[in-house]
Amino acid sequence: MSSGSYHFETLNDAGFQAERLRQQAQAFRAVEIGILHSAGIQTESDVLELGCGPGFVTDLLAELAPEGSLYAIEPSPTLLAQVADNVRNKPARGLYPIQAYGNCLPIPDSSIDFSYARFVLQHIPHPDTTVSEIFRVMRPGGHFCAVDSDDGLVVFYPEDPRVSKLLRMAQTTQTEKGGDRFIGRKLPSMMTEAGFVNVKSRILALTSSELPFAVLFNILLGYKASLLGDAIDIKQLFQDLSHQVTDGRQLVAGGVFIVTGEKV
Ligand SMILES: C[S@@+](CC[C@H](N)C(=O)[O-])C[C@H]1O[C@@H](n2cnc3c(N)ncnc32)[C@H](O)[C@@H]1O
């Protein structure tokens with residue numbers, strides 16, 4: 001299976017993308033602790049993280065489940081090699097970075113208490129197969145939480161034609177690579193189809209008054225710009241919007257879906 005719309009080794013700005021993932025993990029760390037607790041992670045959970053990237057969020061999962069085990073799944077060998085160094089305190093029953101794709105997890109049936117997929121399912125062709133695979137490895141009583149984007153939640157006002165073009169082109173390019181920029185709204189039904197119950201969804205939205213604009217800009221447009229190469233002068237766009245936000249003439253907002261489900 002291909003890694004769909006996020007293949008780290010072929011990104012044209014891998015260094016920037018790794019930094020973007022670090023920023024994204026740091027900016028949300030406090031909020032994410034609350035999300036993970038209410039989604040069901042516990043001190044002794046055996047945890048699976050799908051598409052862990054370089055391990056910045058893996059570190060947080062290890063902090064929240066220190067007595068359990070942690071299976072960090074990632075197809076990119078470059079990213080996987082960074083995971084152990086980025087997880088400061090290994091869980092008592094072990095940290096296991098594993099190179100694999102989500103649709104074929106080398107994990108036994110009914111062995112995981114808590115699974116987390118953060119900004120991963122939007123990149124995977126046929127994400128429903130991966131959600132079913134996660135269901136297979138969960139224990140009865142286990143919880144799955146997926147956090148992902150949906151471009152329907154992105155607001156730039158007043159509209160800038162360069163942003164609209166960037167969003168349109170990124171949607172097309174990501175779809176061509178097997179990804180989906182509107183995955184957020186589809187997650188609840190996908191989880192229900194896979195067999196999860198008590199499926200609940202909420203939206204977390206942030207505006208340019210709540211986060212430093214550089215961080216919000218990178219979260220909302222950083223990956224999209226990397227998909228499109230030189231099609232847009234992203235530095236100029238950042239500078240223009242940044243001035244407008246500072247002057248109070250531009251509002252930027254973005255949201256993510258947080259969807260949880262339980263296996264009985
Ligand atoms: C946007 S990054 C998010 C990384 C991390 N979850 C985070 O939030 O910092 C998407 C990750 O999903 C991984 N990925 C892509 N296709 C995958 C697949 N089929 N199965 C599992 N992971 C995949 C990528 O290699 C990449 O590390």
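Scanning the range 38-49 for residues that are touching a helix residue (DSSP H, G or I) at 6+ places or on another chain (Cβ under 7 Å) and outside any loop (DSSP other than H, G, I, E, B) yields 47, 48, 49.
Of all residues in the range 135-187, which are among the β-branched types (Val, Ile, Thr) and within 19 Å of the chain's Cα centre (by Cα)? 147, 154, 173, 175, 183 - these are the residues of the range 135-187 that are among the β-branched types (Val, Ile, Thr) and within 19 Å of the chain's Cα centre (by Cα).
Within the range 118-134, residues that are within 13 Å of residue 144 (Cβ to Cβ) reach partners that are among the aromatic types (Phe, Trp, Tyr) and more than 9 Å from the ligand (Cβ to nearest atom) with beta carbons closer than 7 Å, at six or more positions or on different chains, in the pairs 134/144. In summary, helices (runs of 4 or more DSSP H) completely within the range 203-264 and bearing 2 or more residues that are in contact (Cβ under 8 Å) with a residue 40 or more places away in the chain and of a type in the set (Gly, Ala, Ser) occur at 223-228. Selection of the range 30-66 for residues being of a type in the set (Val, Ile, Thr) and out of contact with any strand residue (DSSP E or B) (no Cβ under 8 Å at 6 or more places or on another chain) yields 33, 43. Per the conditions (1) surrounded by 18 or more Cβ atoms within 10 Å (Cβ to Cβ); (2) more than 16 Å from the chain's Cα centre (by Cα); (3) at pLDDT 95 or above, the sole criterion not satisfied by residue 254 is (2). Residues in the range 188-202 that are in contact (Cβ under 8 Å) with a residue 40 or more places away in the chain and either part of a helix (DSSP H, G or I) or over 18 Å from residue 144 (Cα atoms) (or both): 188, 190, 191, 192, 193, 194. Of 181, 185, 162, all but one fail to be in a helix (DSSP H, G or I), among the basic types (Lys, Arg) and closer than 17 Å to residue 223 by Cα; the exception is 162. Filter the range 126-159 down to the residues that are outside any helix (DSSP H, G or I) and among the aromatic types (Phe, Trp, Tyr), then identify the one that is surrounded by the fewest Cβ atoms within 10 Å (Cβ to Cβ). Applying the filter and picking the extreme gives 157. Figure legend. Inter-residue proximity from the range 139-162: first residues among the aromatic types (Phe, Trp, Tyr), second residues assigned to a strand (DSSP E or B), beta-carbon distance below 6 Å, spacing 6+ or different chains. Indicated pairs: 144/115; 144/261; 156/252; 157/251.
Taking the range 42-74 as the search range and keeping residues that are within 15 Å of the ligand (Cβ to nearest atom) and within 17 Å of residue 262 (Cα to Cα), which one is surrounded by the most Cβ atoms within 10 Å (Cβ to Cβ)? Taking the candidates together, the pick is 48.
Every condition in (1) outside any helix (DSSP H, G or I); (2) surrounded by 21 or more Cβ atoms within 10 Å (Cβ to Cβ); (3) within 16 Å of the ligand (Cβ to nearest atom) holds for residue 106 except the one numbered (2). The set of residues from the range 105-158 being small (Gly, Ala, Ser) and in contact with a strand residue (DSSP E or B) (Cβ under 8 Å, 6 or more places away or on another chain) comprises 110, 111, 115, 117, 141, 142, 146, 149. Residue under question is residue 236, and the condition is that it be over 30 Å from residue 40 (Cα atoms), buried (at least 18 other Cβ atoms within 10 Å of the Cβ) and modelled with pLDDT of 90 or more; does it hold? Considered against the rule, which asks whether it is over 30 Å from residue 40 (Cα atoms), buried (at least 18 other Cβ atoms within 10 Å of the Cβ) and modelled with pLDDT of 90 or more, residue 236 comes out as no.
The values are calculated or read from the model by the stated rules, or taken from the named source; none is laboratory data. Source: prediction; values computed, not measured. Counting neighbours? That spans all protein chains shown, and the Cβs are built from the backbone with ideal geometry, glycine included.
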